[in-house]
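Chemist: Here it is, the structure in full.
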Amino acid sequence: MSKTDPDATFMRMKEDHMGNGQLKPAFNTQISTEDGFVTNYSIHQTTTDTTTYQEHMDAFKELHGHYPKESIADAGYGSEENYLFAKENDITPFIKYNYFHKEQKKSWKNDPFKSSNFHYNKDKDCSYCPMGQQMDKVGERTTRTKTGFIQRVSLYQAKRCTDCPLRCLCHDAKEERIIQINHRLKDLKNWAKELLTSEQGLKHRSQRPADVEQTFGNLKANKGFKRFLLRGLEKVEIEFGLLCISHNLAKYSVNMAK
Ligand code: SF4
């Protein structure tokens with residue numbers, strides 16, 4: 001807990017002149033933008049972006065009376081919980097996930113030993129390893145995330161790895177290889193991948209940095225907003241809201257002048 005501001009969390013700031021990362025009291029600020037205008041903002045007391053998504057979307061709904069039709073975000077927001085939330089609320093998620101870019105590479109696609117490349121038979125609920133061995137389901141694992149969301153992972157195990165000629169390339173565990181599949185997440189990621197690689201997805205992906213990132217750039221670099229002047233969540237929310245309003249008004253006046 002920060003004694004300067006008990007409402008703040010600690011976040012890693014940019015390095016100092018000696019190259020050391022700085023851990024300082026901070027709030028996690030999130031914005032939605034459209035054509036460079038801030039359409040929603042929210043302030044969070046968590047360090048990771050993933051857990052801010054739903055709260056941010058709820059704030060959008062409170063402000064506009066509905067969820068956005070589409071949501072474009074980087075890999076920091078691509079989680080099972082967030083995809084599911086988007087699905088349940090009719091939001092089309094152009095949201096990347098970890099390994100989205102790596103998965104597109106030939107080296108990833110052509111690696112037969114990556115468990116994600118193993119063939120899965122839905123009817124028999126089993127997987128097949130590169131030797132063609134059937135890997136039967138041997139169990140399930142349930143985990144609860146920090147937000148209380150339940151994730152289910154199925155485990156599939158090979159039967160005879162000992163004499164396999166591919167063993168040295170496949171794995172170095174003492175026992176037979178076990179792979180984990182989160183079926184729901186796999187389906188949600190496939191959905192996101194389909195969206196992200198569509199014509200609309202490519203357009204959104206190229207537009208995203210020019211939209212939201214340039215807005216953050218304007219707030220930080222042009223307006224010189226590097227730290228909050230006020231303390232406490234409530235006041236910080238107001239301060240950031242005023243900053244967003246000033247950004248929108250300045251942008252509007254420039255557009256009008258044009
Ligand atoms: S080491 Fe085991 S899992 Fe890997 S290819 Fe051989 S039999 Fe299949």
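Chemist: Most exposed first by the Cβ proxy, i.e. fewest other Cβ within 10 Å, how do PHE118, PHE37 rank?
Modeler: Sorted ascending by nearby Cβ count, the order is PHE37, PHE118.
Chemist: Once the other residues with Cβ under 12 Å from the Cβ of PHE27 are scored (Lys, Arg +1; Asp, Glu -1), what is the net sum?
Modeler: Local charge sum for PHE27: -1.
Chemist: Would you mind ranking THR52, THR92, THR197, THR4 so that the residue whose beta carbon has the fewest other beta carbons within 10 Å leads the list?
Modeler: Ranking THR52, THR92, THR197, THR4 by Cβ neighbours within 10 Å, fewest first, gives THR4, THR197, THR92, THR52.
Chemist: Take each of the peptides 198-204, 9-15, average the number of other beta-carbon atoms within 10 Å over its residues, and list them starting from the highest.
Modeler: 198-204, 9-15
Chemist: Grab the other residues whose beta carbon is less than 14 angstrom from that of LYS61, score K and R as +1, D and E as -1, and report the net.
Modeler: Within the 14 Å Cβ shell, the charges total -4.
Chemist: Rounding to the nearest 20 debye, state how big the charge dipole of the chain is about its Cα centre with +1 on each Lys and Arg Cβ and -1 on each Asp and Glu Cβ.
Modeler: Working: 40 positive and 34 negative charges, 144 e Å.
Computed about the Cα centre, the dipole is about 700 debye.
Chemist: Now a separate question. Roughly how many nanometres apart are two label points built 7 Å out from the Cα toward the Cβ at TRP191 and HIS101?
Modeler: 2.6
Chemist: Something else: Divide by every residue of the chain the summed helix terms, -39500 (n - 2.57) for each DSSP H run of at least 4, and state the resulting mean residue ellipticity at 222 nm, rounded to the nearest 500 deg cm²/dmol.
Modeler: Mean residue ellipticity, 222 nm, calculated: -10000 deg cm²/dmol.
Chemist: A further question on this structure: What is the sum of charges, Lys and Arg at +1 and Asp and Glu at -1, for the other residues whose Cβ falls under 15 Å from the Cβ of HIS204?
Modeler: Local charge sum for HIS204: -2.
Chemist: Can you tell me the order of 136-142, 55-61, 110-116 when each peptide is scored by its average per-residue count of other Cβ atoms within 10 angstrom, highest first?
Modeler: Numbers: 136-142: 11.3, 55-61: 17.3, 110-116: 13.0.
Answer by packing, highest mean first, reads 55-61, 110-116, 136-142.
Chemist: What whole number of Å gives the distance from the Cα centroid of the range 67-100 to the Cα centroid of the range 200-251?
Modeler: The range 200-251 and the range 67-100 have Cα centres spaced 21 Å from each other.
Chemist: Under a Cβ-only charge scheme (Lys and Arg +1, Asp and Glu -1), can you give me the dipole magnitude of the range 117-182 about the Cα centre, in debye to the nearest 20?
Modeler: The dipole magnitude comes to about 260 debye.
Chemist: Right, another one. Specify which residue in the list VAL254, ILE181, PHE225 is farthest towards the positive end of the charge dipole of the chain, using unit charges on the beta carbon of Lys, Arg (+1) and Asp, Glu (-1), about the Cα centre.
Modeler: ILE181
Chemist: Another question about this same structure. For LYS122, go through the lysines and keep the ones whose alpha-carbon is under 22 Å away, minus same-chain ones fewer than eight residues off.
Modeler: LYS109, LYS114, LYS137, LYS159, LYS186, LYS189, LYS193
Chemist: Here is a further query. Given the pairs LYS14/LYS146; LYS146/LYS174; LYS3/LYS87; LYS69/LYS106; LYS14/LYS258; LYS105/LYS146, which are separated by over 29 angstrom at their Cα positions?
Modeler: Correct reply: LYS146/LYS174; LYS3/LYS87; LYS69/LYS106; LYS14/LYS258; LYS105/LYS146.
Chemist: Along the charge dipole of the range 117-182, Cβ charges K/R +1 and D/E -1, which of CYS129, LEU155, LEU166 sits furthest on the positive end?
Modeler: Farthest towards the positive end: LEU155.
The numbers here are math on the coordinates, done by the rules we state, and not lab data. Remember, predicted model here, so these are calculated numbers, not experimental data. Please note: Cβ atoms are built from the backbone with ideal geometry, for glycine as well, and neighbour counts cover all protein chains shown.
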